[in-house]
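Beneath this line is the structure, given in C-alpha cells, with notes to follow.
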Amino acid sequence: MHKKSLTELSEGLKQGQYSSVELTQYFIDRINTYQPTLNALITVTEESALQEAKQADELIKSGDAGDLTGIPIIHKDIFCTKGIKTTCASKMLDNFIAPYSSTVTQNLESAGMVMLGKANMDEFAMGSSNETSYYGAVKNPWQLDKVPGGSSGGSAAAVAAKLAPVSTGTDTGGSIRQPAALCGVTGLKPTYGRISRFGMIAFASSLDQAGTFTSSAEDAAKLLQVMAGFDERDSTSIDKPVPDYSATLNDSVAGLKIGLPKQYFDPGLDPLMAEKIEQALDAYKKMGASIIDIDLPHTDQSIPVYYVVAPAECSSNLSRFDGVRYGYRCQQPKDLDDLYKRSRSEGFGEEVKRRIMIGAYTLSAGYYDAYYIKAQKLRRLISEDFKQAFSKVDVIMGPVTPTTAFNIGEKLDDPVSMYLSDIYTIAVNLAGLPGLSIPAGFIDDMPMGLQLIGNYFEEGKLLNIAHQYQQVTDFHRQTPNL
Amino acid sequence: MEWESVIGLEIHTQLATKSKIFSGASIAFGAEPNTQACNIDLGMPGVLPVLNQQAVKMAIKFGLAVDAEITPRSIFARKNYFYPDLPKGYQISQFELPVVGKGIIEIEMTDGEKKLINITRAHLEEDAGKSLHEDFDGMTGIDLNRAGTPLLEIVSEPDMRSAKEAVAYMKKIHQIVKYIGISDGNMQEGSFRCDANVSVRPKGQEALGTRAELKNLNSFKFIEKAINLEIERQIDIIESGGKIVQETRLYDADKHETRSMRSKEEANDYRYFPDPDLLPLVIETEDIEDIKQQMPELPNAKKLRFMEQFSLKEYDAYLLTSSIELADYYEKVKTQVNDAKLIANWLIGELSGALNKNNLDVKQSPISADQLSELLKRIEDKTISGKIAKKVFESIWNGEGNADEIIEKQGLKQITDTGALEKMVDEIIANNSKQVEQYKNGQTKLLGYFVGQAMKASKGKGNPQELNKIIKAKLDSL
C-alpha cells in the first residue's frame, strides 16, 4: 500500500478499499518502525491523526470527499500548527506551541488531509544536509550514512521512505529541490508569492516559499491546487487566479523548447550527473521537444548574492527570539544584556549563529552599500538573465545538485563547500521563479534529480512537462529498501 | 557675544485609526496590559504585517495639509535594535523613502509675527510597547498594548530660532492634525510627543553648532522650558571654553533639568533595510485626488472665511479658529444667535477664560454650544443685561440648569415696565436733592451717578439704556 501514489490512495479511499483510519494507522505503523533509524520526524501526532482520519471517513461516506480527503501528510516543522509543538528544529522553540495555524497547514487540513506529524529539518531552515537540527541528523533512506539534503530533509526522507504519501517543505535556496533530488522524490517550489507565508517561520522573507514533496508530478498538482492562492494575511502573496493544475498534466510536450544553461554544466558537476541529465533530455527529444543552449551569465554570482541577502534578512527575522515572550530563556539572567546574550547563545545552534552574524555585519553602517545594496543590484541582474532566457525557451532544465547525496559529517565543518552544493538551485529563489526536481536516475544506487525551471506562475506547465516524463520513465516509482 | 539658537523638531503623532498599523488589534487607550496585543503585535513566529490603509490615507491628508510632496512609491524599512518592549527586535518604519516629502507651514507668534517653517518629511511607523519598572520587584513588566500603534513622525528643518518659535510650530502641527482629524492630539496619553534638536551658534555664523537631541517633551510648557534650559546650558559651556558633545538628553520636568542619555559614540547602529514582508507603498495620483476632495477646511482658510462671513476682525477670527473644537463651537452658536461679535466676545472672553482657569479644553466644556446660545439669545432680546448674563453663565457652569431656568428661578429678568422704573427714579431724585441741584447747575455728567443708583436699586435688572432715558427726561423737566 505504501508504494501507492496520493492519486491512487485517494481512489482507493473513495472506492472503500480501505478507510482513512486504516490508511492513517498503516503509515503511523511505518513511522514507528522506521523513525528510530531515519529520524525524519520531530513530532508524531498519532492521536489527533486518527481523530482527523475518523472525520475524513465520515466525509468520504457522505460523498463530499475531495481528492485530498483522508490522505495522510507530514508537515515540515517550520509551519505553525495550532496546539501542536512547532520547533523549527531549534532548541530555541523546543517548548513552543503556536496558538494559530499557518495558512498552508490550515488549507490542507480544510481539504481533509490527516497530519501524521512534523518533519525534522535544518535548524530554522539553515542548512543543506539536515545536520544542523537540534533533534539530530536525518538519514537518507537510500543509504543511511548519507545525508537526505536540506533544509527540508525530514520531509524528503519521509516521502522517500513512504512514512507518508506526501509532505510539505519550504525552499529558500533549494531546500525543497535539493533534498528531493538526494532522496529520489518529486519536489516543487512554486513562484514566490504563489503560496502564503503566513504562519511559516521566516528564514529569509524575500526568498522563502512553501512547496511539496510527492512521488509524482500528478500528486504535486493536487497539493498545490489547495495550497496556492492569495492570502490577505501575507502582503507578499499574489492575488492571481489559481489554474487547474491537474487539467493540463496530459498536454503534449511536442514542440517544447527546453533551455540548457551552459553555466550549469561547469567543472563542478559530476560527469555521471551530466550523463544522466543528457539521458533525460533525450527522453524529451523523443517526445518532440527541442534543446536550445542558453546563457545565464550571472549564475556564479548567485551564491555570494544569496549569502548576503539571506543572512541579512535572517539576522533581523530571528531577532524576535530574545527569551522575553516565548521560547528558550537562559537560567537566572543577571540583567537584560545577559538575558539576550545567553538565551540566544544557548538557544541557537552554530549555523544559525553564523548566519545571524554574517547578516548583522552586512547590514551594519559602512558595509550596507558594499554588501546589501550591491547584492540587490546583482539580484536584479540574475532575474534579468532568466527573463532573457524565457524569451527564447519554455522551460529551463539542468541538474539540481553537483553530486548525489554526500556522507553525513562530510561537509559539516566546511560551510563554504556546503553552501556550494546549492549552486544550481539558489538563482531560482533570487529570481522568485518556480522550480521542480524530479527523479531522473541513479548513480551508484543513489538517486539524482533533474531540475525544471519555469517562468513566473507557470507551475502548471512545469507539472505537465514533469508528468509527461514520468509517463515514460519509472525512476519516481523506485523506493529504497529499508 | 550674541548667540543664536537653532531648533528642529521631530513630532510623533499617534494616528486615530481604529486598529494598529500592521494588525487588526484595537488601539484604544487604557486597556488592561497586553489585552490589545494580537499575535502580530506580540511578534510571534511566522506572523506577518499587513498595512492599515486608513493610516496611509491619514498620512496623505497630512501631506496635503502642509503642501508636501506625496511619495508615489515609498518603502517600509526595519529599524533593528533589541529592547523588551520591541517584540520583533525591529521597528517597522520608513527610512530612505518616506510617504510624505518636503512641505511647508506658516506659524504665527503670539505677537502676530509670522514665519515659514519647512518640513523635511513625515513617515509612517509603528510604536513600541511600554516597560513597567515600578510595579514588579526586581523585574520589569512589559505591556504590549501600544506596540504597533500607528505613528506619523513629522520632521522639521532646523528653521526655528527660539523656544517660542518651537512652541508655535508644535502648536501649529497640533492644530493641523486635529483639524484634518488624523489624531486626537492628546498629549497626556502620549498621542502627540516631541523630540527637539537644539544647537547654538554666534549670531551671523552660517555653520550649525553641534546639536543635542532633547527627548520626552510632552507638553507645550515643557518644550519651551526644556529648550531654553538647553540653550543656556550650551552657551554656558561654550563661553567657559568647553565644547558641545553630540548626544541625546532627557528632560526631567520634575527636577527641571536635562541629563545625558547617550552620546553619538554609543548610538545604535540600527541596520536599516527594506522590510521584505511589505511591498512598496504605491500611491496613485487618483488616490491623492480622492483624498483632496475629502480634505476639511484648514485653519487659515477657516480664519479668512470667519472674517468674511461673520465680519470678524482678524485677531478674533484667528483666536476662534485656533482649535477646530472652538471654531465648531462658534459656528454652532452662530446658527442660533445673530450677533457674530457678541458670540466672539463671549467665546474669547468668558468661555475661554473659564476653560483655561479650570484646565479644560473646549470638548470638555460644562456649557454646551446650545446652552450658551440660549444665554446669548436672552442678551439679544434684552431679557437680561450683559452683566447679569455673566452671573447666569456662572450658574450654568456650575450645573444649576439652563439660562431660562436660572433667569426665572433667580428673578433676573430685566425690568422693562416703564411705570415701575419711573417710580424708582422718582424716589432716587427725591433722596438726592444735593446731586439734583449740582446737575441743574451744569454738572450733567452726574447723569451716570443717577443711572448707577437706579441700577443698584433694581438689583441690576433695570435696562440701563431705558433708565438713562427716563432719568434724563425727568431731570431736564425739573
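The values are calculated or read from the model by the stated rules, or taken from the named source; none is laboratory data. If you're wondering where the values come from, they're calculated on a predicted model, not measured in any experiment. Heads up, the Cβs are rebuilt from the backbone with ideal geometry, glycines too, and the neighbour counts pull from every protein chain shown.
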request  = Please specify each residue of the range B:445-467 satisfying the condition of being out of contact with any Asp or Glu (no Cβ under 9 Å at 6 or more places or on another chain), of a type outside the set (D, E, K, R) and under 18 Å from B:S433 (Cα atoms).
outcome  = B:L446, B:L447, B:G448, B:Y449, B:F450, B:V451, B:G452, B:Q453, B:A454
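Yes or no, residue by residue, for (1) within 14 Å of chain B (Cβ to nearest Cβ); (2) of a type outside the set (A, V, I, L, M, F, W, C):
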{"position": "A:E47", "(1), (2)": "no, yes"}
{"position": "A:I60", "(1), (2)": "no, no"}
{"position": "A:G63", "(1), (2)": "no, yes"}
{"position": "A:D77", "(1), (2)": "yes, yes"}
{"position": "A:T87", "(1), (2)": "yes, yes"}
{"position": "A:M92", "(1), (2)": "yes, no"}
{"position": "A:S102", "(1), (2)": "yes, yes"}
request  = Under 9 Å between Cβ atoms, at least 6 apart or on separate chains: pull out the pairs that start in the range A:109-121 with a residue that is assigned by TED's automatic domain parsing to the domain that holds A:G83 and more than 15 Å from A:D77 (Cα to Cα) and end on any residue that is surrounded by 24 or more Cβ atoms within 10 Å (Cβ to Cβ) and aromatic (F, W, Y).
outcome  = A:V114/A:F27
Members of the range B:35-71 that are of a type in the set (G, A, S) and more than 11 Å from every other protein chain (Cβ to nearest Cβ) = B:A55, B:A59, B:G63, B:A65, B:A68
key: Matching option when the condition is over 28 Å from A:P311 (Cα atoms) and of a type in the set (G, A, S), among A:S90, A:S102, A:S110, A:S128   = A:S110
inquiry  = Considering only residues that are without any contact (Cβ under 8 Å) to a residue 40 or more places away in the chain and either assigned by TED's automatic domain parsing to the domain that holds A:E131 or closer than 25 Å to A:P99 by Cβ (or both), which ones fall in the range A:312-342?
reply    = A:S319, A:R320, A:D322, A:G323, A:V324, A:R325, A:R329, A:C330, A:L339, A:Y340
key: Residues located in the range B:107-148, provided they are part of a strand (DSSP E or B), of a type in the set (D, E, K, R) and surrounded by fewer than 13 Cβ atoms within 10 Å (Cβ to Cβ)   = B:K114
task = Taking the residues in the range B:373-385 that are without any contact (Cβ under 8 Å) to a residue 40 or more places away in the chain and under 29 Å from the mean Cα position of the chain (by Cα) as candidates, determine which candidate is nearest to B:E466 (Cα to Cα).
result = B:L375
note = Within the range B:222-277, residues modelled with pLDDT of 90 or more and within 14 Å of chain A (Cβ to nearest Cβ) come out as B:D269, B:Y270, B:R271, B:Y272, B:F273, B:P274, B:D275, B:P276, B:D277
note = Of (1) among the charged types (D, E, K, R); (2) more than 14 Å from chain B (Cβ to nearest Cβ); (3) over 25 Å from A:Q468 (Cα atoms), A:R197 satisfies every one except (2)
note = The residue that is nearest to B:I7 (Cα to Cα), considering only those in the range B:193-208 that are of a type in the set (K, R) and surrounded by 13 or more Cβ atoms within 10 Å (Cβ to Cβ), is B:R201
inquiry  = Residue under question is A:A440, and the condition is that it be hydrophobic (A, V, I, L, M, F, W, C), more than 23 Å from A:V309 (Cα to Cα) and modelled with pLDDT of 95 or more; does it hold?
reply    = yes
task = Could you run through the range B:287-321 and say how many residues are under 20 Å from the mean Cα position of the chain (by Cα), surrounded by 20 or more Cβ atoms within 10 Å (Cβ to Cβ) and not in a helix (DSSP H, G or I)?
result = 1
query = Wholly within the range B:378-478, which helices (runs of 4 or more DSSP H) include no fewer than the required count, namely at least 2 residues that are touching a strand residue (DSSP E or B) at 6+ places or on another chain (Cβ under 8 Å), at pLDDT below 85 and buried (at least 17 other Cβ atoms within 10 Å of the Cβ)?
reply = B:418-431, B:447-457
task = Please find, within the range A:335-359, the residue that is nearest to the other protein chains (Cβ to nearest Cβ) out of those that are touching a Lys or Arg at 6+ places or on another chain (Cβ under 9 Å) and in a loop (DSSP other than H, G, I, E, B).
result = A:F348
query = Can you find a residue in the range B:16-24 that is within 26 Å of B:D287 (Cβ to Cβ), of a type outside the set (G, A, S), in a loop (DSSP other than H, G, I, E, B) and out of contact with any Pro (no Cβ under 6 Å at 6 or more places or on another chain)?
reply = yes
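Per-residue answers, yes or no, for (1) out of contact with any Lys or Arg (no Cβ under 8 Å at 6 or more places or on another chain); (2) in a helix (DSSP H, G or I); (3) among the polar types (S, T, N, Q):
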| residue | (1), (2), (3) |
| --- | --- |
| A:G259 | no, no, no |
| A:D282 | yes, yes, no |
| A:V308 | no, yes, no |
| A:A312 | yes, yes, no |
task = Could you tell me which of the residues B:K88, B:K130, B:K102, B:K115 is within 13 Å of chain A (Cβ to nearest Cβ) and within 25 Å of B:A59 (Cα to Cα)?
result = B:K88
remark   = Residue hits (the range B:223-260; in a strand (DSSP E or B) and farther than 21 Å from B:M160 by Cα) are B:D252, B:E257, B:R259, B:S260
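Conditions tested, residue by residue: (1) among the small types (G, A, S); (2) crowded, with 16+ Cβ neighbours inside 10 Å; (3) over 22 Å from A:A310 (Cβ atoms).
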residue: A:A370; (1), (2), (3): yes, no, no
residue: A:Q376; (1), (2), (3): no, yes, no
residue: A:R380; (1), (2), (3): no, no, no
residue: A:D385; (1), (2), (3): no, yes, no
residue: A:Q388; (1), (2), (3): no, no, yes
residue: A:K392; (1), (2), (3): no, no, yes
residue: A:M397; (1), (2), (3): no, yes, yes
residue: A:P402; (1), (2), (3): no, yes, no
note = Those residues of the range B:30-66 which are in contact with a helix residue (DSSP H, G or I) (Cβ under 6 Å, 6 or more places away or on another chain) and part of a loop (DSSP other than H, G, I, E, B) amount to B:G43
key: Flag for B:G112 being over 25 Å from B:I283 (Cβ atoms) and touching a Pro at 6+ places or on another chain (Cβ under 9 Å)   = no
message = Out of everything in the range A:315-334 that is part of a helix (DSSP H, G or I) and out of contact with any helix residue (DSSP H, G or I) (no Cβ under 8 Å at 6 or more places or on another chain), what residue ends up being farthest from the other protein chains (Cβ to nearest Cβ)?
response = A:N317
key: Boolean, B:L281 is crowded, with 19+ Cβ neighbours inside 10 Å and within 14 Å of chain A (Cβ to nearest Cβ)   = yes
ask   = Does the range A:224-247 contain any residue that is outside any strand (DSSP E or B), closer than 19 Å to A:G127 by Cα and hydrophobic (A, V, I, L, M, F, W, C)?
value = no
remark   = Flagged in the range B:271-286 as in a helix (DSSP H, G or I) and either among the polar types (S, T, N, Q) or closer than 30 Å to A:D208 by Cα (or both), in numbering order, are B:T285
query = Looking at the range A:407-426, is at least one residue in contact with a helix residue (DSSP H, G or I) (Cβ under 9 Å, 6 or more places away or on another chain), modelled with pLDDT of 95 or more, over 22 Å from A:P271 (Cβ atoms) and assigned to a loop (DSSP other than H, G, I, E, B)?
reply = no
